[in-house]
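Take a look at the structure set out below.
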Amino acid sequence: MTIPSPPTAVHFDTALHLEPALHLDDVRKVYPMGDAEVVALASANLTVGSDEMVALVGPSGSGKTTLCSIAGGILSATAGRITVGGQDITGFSDKELTSFRQESVGFVFQAVNLVPFLTARENLIVVDELGRRTGAPARERADQLLEELGLADRAKNLPSQLSGGQRQRVAIGRALMNEPDLVLFDEPTSALDTELGEQVMELIRSEMKSRGTAAIVVTHDERITHFCDRSVHIIDGHLDA
Ligand SMILES: Nc1ncnc2c1ncn2[C@@H]1O[C@H](COP(=O)(O)OP(=O)(O)OP(=O)(O)O)[C@@H](O)[C@H]1O
Ligand SMILES: [Mg+2]
């Protein structure tokens with residue numbers, strides 16, 4: 001009797017899906033400062049699962065923004081290896097990094113940097129105009145996201161005509177436009193009061209979990225960490241992971 005061979009194709013698909021969203025391997029970042037140097041990341045090792053939400057917690061100046069900037073291909077590392085969604089971006093050229101940023105990562109910063117003269121809807125569409133989708137598909141995607149984020153009736157408002165929480169929701173929508181592998185939130189709630197901050201975190205969590213998208217959420221605030229799957233602490237460029 002022959003035993004049927006295991007369904008290797010299925011296993012292969014599963015393995016692909018489980019590719020970590022982020023893998024930092026001995027990543028080091030040194031900023032030159034005149035004659036001296038600042039070691040912003042000492043030797044960072046971190047793996048974020050394909051649908052995992054990780055809180056990155058640490059004091060001011062500990063290297064959180066540096067880590068996010070390197071993971072998002074905004075900043076190059078001094079040493080080490082960076083893999084995002086299975087792509088090794090370590091040796092990417094500027095051009096390759098530009099398309100990587102457009103296609104594979106989303107950013108939400110503390111100071112919501114929406115384009116002031118574009119409406120909420122246009123702030124989402126502009127992402128896709130830079131990326132792969134244009135015209136009607138971009139508009140449909142923007143409208144679908146605005147609806148999900150509870151902003152359908154604010155689509156035509158300029159950022160100055162939105163509340164702080166609404167602006168942050170537009171920024172979240174913008175980060176999700178291109179269906180990224182990884183979304184980097186750098187203190188997304190620090191400009192909001194506690195209640196609004198918790199609402200925004202709940203929204204971030206449900207958006208990430210319903211899409212199976214990975215995220216790093218930078219915060220000083222331990223309360224915010226409860227919305228994440230686990231916390232990683234950073235002090236003086238050293239991660240505890
Ligand atoms: N462009 C730069 N040139 C020189 N040093 C820098 C530069 N950017 C950051 N640093 C230094 O690197 C260290 C880490 O900075 P980083 O911005 O990553 O900290 P952070 O944890 O995000 O802090 P915060 O919570 O205040 O935003 C700090 O000591 C900072 O002064
Ligand atoms: Mg920072």
Over all directions, region 14-153 yields a Cα convex hull whose mean projected area in nm² is 11.2
Amide H contacts under 5 Å for V38, restricted to residues at least 5 apart in sequence or on another chain and with H modeled in the peptide plane, are Y31, M33
One finds the C-alpha centres of region 152-199 and region 206-229 to be spaced, in Å, by 14
Computed, not fitted: 222 nm per-residue ellipticity of the chain from DSSP H runs ≥ 4 (each -39500 (n - 2.57)), nearest 500, equal to -11000 deg cm²/dmol
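What is the extension gain from D153 to R139, computed as 0.36 nm multiplied by their sequence separation minus the C-alpha to C-alpha distance, in nm to one decimal?
On the way: separation 14, 0.36 × 14 = 5.04 nm, distance 1.51 nm.
Computed gain between D153 and R139 is 3.5 nm.
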Compactness summary of the chain: radius of gyration and Dmax from Cα atoms, Å, are 18.9, 75
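How large is the charge dipole for the chain, taken about the Cα centre, if only the Cβ atoms of Lys, Arg (+1) and Asp, Glu (-1) carry charge, to the nearest 20 debye?
Result for the chain is approximately 480 debye, rounded to the nearest 20.
Students often check this: by mean Cβ neighbours within 10 Å, which of 151-160, 210-219 ranks highest, and how do the rest follow? Please list the in-between numbers first.
Values: 151-160: 15.1, 210-219: 20.6.
Answer by packing, highest mean first, reads 210-219, 151-160.
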For R211 and N113, extending 7 Å from Cα along the Cα-Cβ vector and measuring point to point gives, in nm, a value of 2.0
In terms of the charge dipole of region 20-239, which places +1 on Lys and Arg and -1 on Asp and Glu at the beta carbon, the residue among A175, Q110, L75 farthest towards the positive end is A175
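Which value, in debye to the nearest 20, describes the size of the charge dipole of region 49-167 about its Cα centre when Lys and Arg Cβ atoms bear +1, Asp and Glu Cβ atoms bear -1, and nothing else is charged?
Details: 12 positive and 14 negative charges, 60 e Å.
Rounded to the nearest 20 debye, it is 280 debye.
Quick note: the coordinates plus some simple rules give every number you see, no bench work behind them. Remember, it's a predicted structure, so these values are computed and weren't measured experimentally. With ideal geometry, Cβ positions are generated from the backbone for all residues, glycine too; neighbour counts draw on all protein chains shown.
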